[in-house]
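Student: To start, I am sharing the structure in question, which I have written as structure tokens.
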Amino acid sequence: MALSNQQVTEIKRARSPLARQLDSGFVWLTGMFAVGVALVLVAIAVRVGWEALPAIQQFGAGFLTSSRWDPVEDIYGALPQIYGTLVSSLIALLIAMPIGIGVAIFLSEDFLPNKIQRPIVFMVELLAAIPSVVYGLWGIFVLIPILRNMGVALNAGLGWIPLFSTRPTGPGMYVAGVILAIMILPIIAAISRDALVAVPPELRQASYGLGATRWETLFKVILPAAFSGIVGGIMLAMGRAMGETMATTMVIGNANKINPSLFDQGSTIASLLANQFAEASGLQISSLMYAAFVLFLITLIVNVLAELVVRRVRMKV
Amino acid sequence: MVRWVAPASLCALTLSLTACGGGQAPSSGPSAATSAPPAAGGAGLAIKGAGATAPYPLYQKWFDEFSKANGVQIGYESVGSGAGVKQFLAETVDFGATDSALKDDERAKFPAKRGKAIQVPTTGLFVVFAYNLDGVDNLKLSRDSFCGIVDGSIKTWNDAKIAKDNAGVNLPADPITWVHRSDGSGTTSIFTKHIEKACPNWKAGSGKSVEWPTGTGAKGNEGVTAQIQQTKGAIGYTEFSYAKENNLKMASLQNKAGEFIAPTPDAAAKALTGVKIPEDFAVSVPDPEAKEAYPIVSLTWLLLYENYPDAAKVDALKNLMKWAMKDGKAVATDLGYIPLPDEVATKVLTAVDGIKAGQ
């Protein structure tokens, strides 16, 4: 039974002027918050860009393709860092994506009684609450000794593959990748699980009703329906991986080089900033700002790409 | 961005402090008992400084003990030499601290109403090669050897250049892992200044951070220390105090005269004795000549203003320096720093007497 237009206006009229003012005040307030956050982002971008200007003028686009970072001669290029940022987050995604989505599926289906499922969900989410410096320390003292032994074996057996071609000495790209994977796992798992749980139960029931098995329902109905949420989670995780600073700095080895071998040391834009910002001056600061700006852009590009992927899949579905 | 990075490094700092605080705690006894009676009117005064990280363990201890004896609060933030100089020039602190003497362009930025910048050394510090190698306790490194390790031309421990000076020692065929600082630091500056002088093939120059031709970078003295402890076959450079505290093995180095010198505060002090002191105390001994001197040594400085708005601060700073040059010596030796030779300390106190109240 729908209300007629007249009835609606009568309901509106019945409200006191104070209530209406409160209403519009609330809209304004929340609007200001939203705009404020956007403004902060713009302000940061502008400021970083402004500070980077001397380096941009000096090095131009060559900054992106040069691999020298020499504070003594004041020559800067960030290719190894850009490479390191992308590769370390890619390793992290490759490990964390299947595991995270798997965890999300397991915890969103009714495989387990609620009593057991709840604590597991909670514990996965708790992974996100560990400070990154703790991850870094754990990486140095626990993960590196384990991974190094595995790495030495891989290098001895499969050293002819470029990915394993150097002998691991401890810190390196592979450790950073694994640490980042653990750090972004809860983001992927939690957001994917929310997306899966939010799929309307009618879809599932309809699918069962048409005679689909659980597998078919899961992969042909539930996952596609939750796809945009899952991709959103993955993108958030990728952003986190690319910007992660402390843990990466502690385990990546901080060497200014590009080597296809995962066992070699590398560095990321974030680790470069963390390392050099405190004692930098002059052109070095501008170059660090330039690098930060590049990181900004990479994150933006990744997010735009993600948005495109989501739209495309939605159109197909 | 600045605000964003600072908490991260602070975080690391607090962590390193808690990690290294433990071993230093017991040494408080004797010097606190002998310190000067509380200065009149000093109670409740707060003095703020910022700068170098290398002497931080010493400053922390010094300021703590001085505060207890005199009731003057001295806060020191170890934000790094570069940031320390910046804050000093911006007048946001009462004193700065730096590992590399003020440069001319920095002096030019000094605010005129504060008179002139007074730069005084507080202590000497020295940098060691710390390593992790089973069964090798007294590694000797000739100039050829350590230059080769640092530039990556020597790759394994049983290299002929290293073996030559370590007769009878069973050097393994393991690869050498060179560990250096990844963050900008005064320690790196001291270290690379020596390498630049001692190694003819060194191309990366010297500075707070350089482009390392080889090796793994670790953040902070504590990061390098952890890396060395974790990795068999690793060798890297740290402040003596950190290596000592973490019981790392340290190599004897060949100095300019060709002698192999073990890293001890005594040997390091020899690098500073007899050196001519210029008026701004900017002594630099990148490659000391003395026969018994340990080669990688430097001073670290405090930066003071000539004019302070507050007479109480002037008195407190003068008292602090007097105390540090006398009672503070024991603390410095305890922690592995080099107390200044007496003749230098006297000159420092004369210079500090030049600070005064009034704009």
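Student: Can you put B:Tyr294, B:Tyr308 in order of Cβ neighbours within 10 angstrom, beginning with the fewest? Numbers along the way, then the final one.
Tutor: Working: B:Tyr294 27, B:Tyr308 23.
In increasing order of surrounding Cβ atoms, one gets B:Tyr308, B:Tyr294.
Student: Right, here's the next one. Which of A:Thr65, A:Thr268, A:Thr248 moves most in a GNM of chain A, Cα contacts under 10 Å?
Tutor: A:Thr65
Student: Among A:Phe63, A:Ile105, A:Met242, whose Cα projects farthest towards the positive end of the dipole of the stretch A:58-316, with charges put on the beta-carbon of Lys, Arg (+1) and Asp, Glu (-1)?
Tutor: About the Cα centre, the residue reaching furthest to the positive side is A:Ile105.
Student: Count the net charge of all other residues whose Cβ sits under 11 Å from the Cβ of A:Thr217, scoring Lys and Arg as +1 and Asp and Glu as -1.
Tutor: For residues surrounding A:Thr217, the net value is +1.
Student: Longest segment of chain A with no trypsin sites (Lys or Arg not before Pro) in a DSSP loop having at most 15 other Cβ atoms within 10 Å?
Tutor: Working: sites that count: A:Arg15, A:Arg68.
Value returned for the longest uninterrupted segment is A:69-317.
Student: Moving on to the next point. Pairing the Cα long axis of helix B:220-230 with the longest principal axis of chain B, what angle in degrees results, from 0 to 90 and rounded to the nearest 10?
Tutor: 30 degrees
Student: Then there's this: Residue-wise, which Karplus ³J(HN,Hα) couplings in Hz belong to the stretch A:36-46, taking 6.51 cos²θ - 1.76 cosθ + 1.60, θ = phi - 60°, and x for glycine or proline?
Tutor: x, 4, 4, 5, 4, 4, 4, 4, 4, 4, 4
Student: Looking at chain A, identify the longest residue range that excludes and avoids all chymotrypsin sites (Phe, Trp or Tyr not before Pro) in DSSP loops having at most 12 other Cβ atoms within 10 Å.
Tutor: On the way: sites that count: A:Phe111, A:Trp160.
In chain A, the maximal stretch lacking such sites is A:161-317.
Student: Hey, in the GNM for chain A with a 10 angstrom Cα cutoff, which one of A:Ile82, A:Ile234, A:Ile258 fluctuates hardest?
Tutor: Evaluated over chain A, the most mobile residue of the options is A:Ile258.
Student: Report the extension gain between A:Asp74 and A:Ile258 in nm, rounded to one decimal, defined as 0.36 nm multiplied by the number of residues separating them, less their alpha carbon distance. If you can, show how the numbers build up before the last one.
Tutor: Numbers: separation 184, 0.36 × 184 = 66.24 nm, distance 2.03 nm.
Residue separation times 0.36 nm, minus the Cα-Cα distance, leaves 64.2 nm.
Student: Before anything else, pin down the relative contact order of the stretch A:31-99: Cα pairs under 8 Å, at least 6 apart, normalised by residue count, whole percent.
Tutor: 17 percent
Student: Averaged over peptide A:276-287, how many Cβ atoms belonging to another chain are found within 10 Å of each residue's Cβ? Show your work: numbers first, answer last.
Tutor: Working: counts 6, 12, 15, 17, 6, 7, 1, 0, 5, 3, 0, 0.
Mean inter-chain Cβ contacts per residue within 10 Å come to 6.
Student: Report the extension gain between A:Arg47 and A:Val35 in nm, rounded to one decimal, defined as 0.36 nm multiplied by the number of residues separating them, less their alpha carbon distance. Before the final figure, lay out the partial values.
Tutor: On the way: separation 12, 0.36 × 12 = 4.32 nm, distance 1.80 nm.
Residue separation times 0.36 nm, minus the Cα-Cα distance, leaves 2.5 nm.
Student: Here's a follow-up. For the stretch B:108-234, what ratio Rg/Rh do Cα atoms give with a Kirkwood hydrodynamic radius? Don't skip to the answer; put the middle values down first.
Tutor: Details: Rg = 17.7 Å, Rh = 16.4 Å.
Answer for the stretch B:108-234: 1.08.
Student: Same structure, new question: Can you tell which of A:Leu218, A:Ile188, A:Ser228 lies farthest toward the positive end of the dipole of the stretch A:58-316, using +1 and -1 charges on the Cβ of basic and acidic side chains (Lys, Arg; Asp, Glu)?
Tutor: Working it through, the farthest residue towards the positive pole turns out to be A:Leu218.
Student: Taking K and R as +1 and D and E as -1, what net charge do the other residues with C-beta under 13 Å from the C-beta of B:Lys197 add up to? Mind showing how you got there, number by number?
Tutor: Numbers: positive: B:Arg143, B:Lys193, B:Lys256; negative: B:Glu196, B:Asp287, B:Glu289.
Summing Lys/Arg as +1 and Asp/Glu as -1 gives 0.
Student: Related question: Normalising by the residue count of chain B, find the relative contact order in percent from Cα pairs under 8 Å and 6+ residues apart.
Tutor: Values: 694 pairs, mean separation 81.3, N = 359.
After rounding, I find 23 percent.
Student: While we're here: What's the magnitude of the charge dipole for chain B around its Cα centre, counting Lys and Arg as +1 and Asp and Glu as -1 at the beta-carbon? Answer in Debye, nearest 20. Spell out each step's value before the answer.
Tutor: Values: 36 positive and 37 negative charges, 85 e Å.
With only Lys, Arg, Asp and Glu charged at Cβ, the dipole is about 400 debye.
Student: Same structure again: Compute the relative contact order of the stretch A:58-316 as a whole-number percentage, counting only Cα pairs closer than 8 Å that sit 6 or more residues apart in sequence. Write down the numbers at each step before the final one.
Tutor: Numbers: 360 pairs, mean separation 71.5, N = 259.
Rounded, it is 28 percent for the stretch A:58-316.
Student: Check which residues have an amide H placed less than 5 Å from B:Thr216's amide H, if you skip close sequence neighbours.
Tutor: When sequence neighbours closer than 5 places are left aside, the close amide H contacts are B:Trp178, B:Val179, B:His180.
Student: Quote the charge dipole size of the stretch A:58-316 about the Cα centre in Debye, to the nearest 20; the model charges only the Cβ of Lys and Arg (+1) and of Asp and Glu (-1).
Tutor: Values: 15 positive and 13 negative charges, 140 e Å.
Its charge dipole is roughly 680 debye.
Student: If you take every residue apart from A:Tyr83 with its C-beta less than 12 Å away from the C-beta of A:Tyr83, what net charge results, scoring Lys and Arg +1 and Asp and Glu -1?
Tutor: Numbers: positive: A:Lys257; negative: A:Asp264.
Around A:Tyr83, the surrounding residues sum to 0.
Student: A further question follows. Please list, in order along the stretch A:18-25, the HN-Hα scalar couplings obtained from phi with the Karplus expression 6.51 cos²θ - 1.76 cosθ + 1.60 (θ = phi - 60°), rounded to whole Hz, x for Gly and Pro.
Tutor: 4, 4, 5, 4, 4, 4, 5, x
Student: Collect residues whose amide H, placed 1.01 Å from N in the peptide plane, falls under 5 Å from the amide H of A:Ile75; neighbours closer than 5 in sequence don't count.
Tutor: Placed amide hydrogens put A:Asp70 under 5 Å from A:Ile75.
Student: Another one. Could you give me the ³J(HN,Hα) list for the stretch B:314-320, computed from phi with Karplus coefficients 6.51, -1.76, 1.60 and θ = phi - 60°, whole Hz, x at Gly and Pro?
Tutor: Couplings: 4, 4, 4, 5, 4, 4, 4 Hz.
Student: For chain A, what log10 I(q)/I(0) values come out of the Debye formula at q = 0.07, 0.09 1/Å, with one point per alpha carbon and no solvent?
Tutor: Relative scattering, expressed as log10 I(q)/I(0), comes to -0.41, -0.64.
Student: Cut-off 10 angstrom, C-alpha nodes, Gaussian network model of chain B. Which of B:Pro288, B:Pro175, B:Pro263 fluctuates the most?
Tutor: Judging by the Gaussian network model, the answer is B:Pro175.
Student: Sticking with this structure for a sec: Return the equivalent ellipsoid semi-axes of the protein assembly as shown as a descending list in whole Å, where each equals the square root of 5 times an eigenvalue of the C-alpha gyration tensor. Each step should come with its number before you reach the end.
Tutor: Numbers: eigenvalues 548, 242, 101 Å².
So the equivalent ellipsoid measures 52, 35, 22 Å along its semi-axes.
Student: Within 10 Å of each residue's Cβ, count the other Cβ atoms and sort A:Thr166, B:Thr92 from fewest upward. Before the final figure, lay out the partial values.
Tutor: Working: A:Thr166 18, B:Thr92 11.
Taking fewest neighbouring Cβ atoms as first place, the list is B:Thr92, A:Thr166.
Student: Measure nothing fancy, just the Cα-based angle from helix A:223-243's long axis to the longest principal axis of chain A, in degrees from 0 to 90, nearest 10.
Tutor: Computed tilt is about 40 degrees.
Student: With no solvent and one equal point scatterer placed on each C-alpha of the stretch B:215-359, evaluate the Debye formula and give log10 I(q)/I(0) for q = 0.10, 0.18, 0.21 Å⁻¹, two decimals.
Tutor: Computed log10 I(q)/I(0) values: -0.46, -1.10, -1.28.
Student: Related question: How many nm is it between the label spots at A:Ala128 and A:Arg311, if each spot is 7 Å from the Cα in line with the beta carbon?
Tutor: Spacing of the two 7 Å Cα→Cβ label points: 2.7 nm.
Student: Computed FRET efficiency, Cβ-Cβ of B:Ala46 and A:Ser66, R0 51 Å: what is it to the nearest 0.05?
Tutor: The pair B:Ala46/A:Ser66 has a calculated efficiency of 0.60.
Student: Can you compute the charge dipole magnitude of the protein assembly as shown about its Cα centre, using +1 on each Lys and Arg Cβ and -1 on each Asp and Glu Cβ, nothing else charged? Give it in debye, rounded to the nearest 20.
Tutor: Details: 56 positive and 53 negative charges, 311 e Å.
For this selection, approximately 1500 debye.
Student: Determine one quarter of the surface area of the Cα convex hull of chain B, which equals its mean projected area, and express it in nm² to one decimal. Before the final figure, lay out the partial values.
Tutor: On the way: hull surface 71.4 nm².
So the Cα hull casts an average projection of 17.8 nm².
Student: A further question follows. Round to the nearest 10 and give me the degree value, 0 to 90, for the angle of helix B:186-198's Cα axis relative to the longest principal axis of chain B.
Tutor: 50 degrees
Student: Please average, across the residues of B:267-276, the number of beta carbons from any other chain that are within 10 Å of each residue's own beta carbon, and give a whole number. List each step's numbers first, then the result.
Tutor: Details: counts 0, 0, 0, 0, 0, 0, 0, 0, 0, 0.
That works out to 0 on average.
Student: Another question, then. For B:Glu211 and A:Gln57, what is the calculated FRET efficiency with R₀ set at 22 Å and r taken between the beta-carbons, to the nearest 0.05?
Tutor: Working: r = 22 Å, r/R0 = 1.01.
Here the calculated transfer efficiency is 0.50.
Student: Per-residue Cβ counts within 10 Å, from other chains only, averaged over B:175-185: what number is that? Don't skip to the answer; put the middle values down first.
Tutor: On the way: counts 2, 1, 4, 1, 4, 2, 2, 14, 9, 9, 3.
Average per residue, whole number: 5.
Student: Could you give the nm distance between label points at A:Phe26 and B:Lys197, where each point is 7 Å from its Cα heading toward the beta carbon?
Tutor: 7.4 nm
Student: Leaving out same-chain residues fewer than 8 places away, which lysines sit with a Cα under 25 Å from that of B:Lys203?
Tutor: A:Lys257, B:Lys103, B:Lys140, B:Lys155, B:Lys161, B:Lys193, B:Lys219, B:Lys256
Student: How do A:Thr249, B:Thr225, B:Thr264 rank when sorted from fewest to most other Cβ atoms within 10 Å of their own Cβ?
Tutor: Details: A:Thr249 33, B:Thr225 24, B:Thr264 18.
Ranked by crowding around the Cβ, least crowded first: B:Thr264, B:Thr225, A:Thr249.
Student: Tell me, what does the Kirkwood hydrodynamic radius of the stretch B:84-143 come to in angstroms if you use every pair of distinct C-alpha atoms? Numbers along the way, then the final one.
Tutor: Values: mean 1/r = 0.0665 Å⁻¹.
Kirkwood radius, the stretch B:84-143: 15.0 Å.
Student: Using a basic spin-label model with each label point 7 Å from the Cα along Cα→Cβ, how many nm lie between A:Ala206 and A:Leu18?
Tutor: 4.8 nm
Every number in this text was worked out from the coordinates using simple rules, so none of it is lab data. Everything numeric in this text was worked out from a predicted model, so none of it was measured. Neighbour counts run over all protein chains shown; Cβ positions are idealised from the backbone, glycine included.
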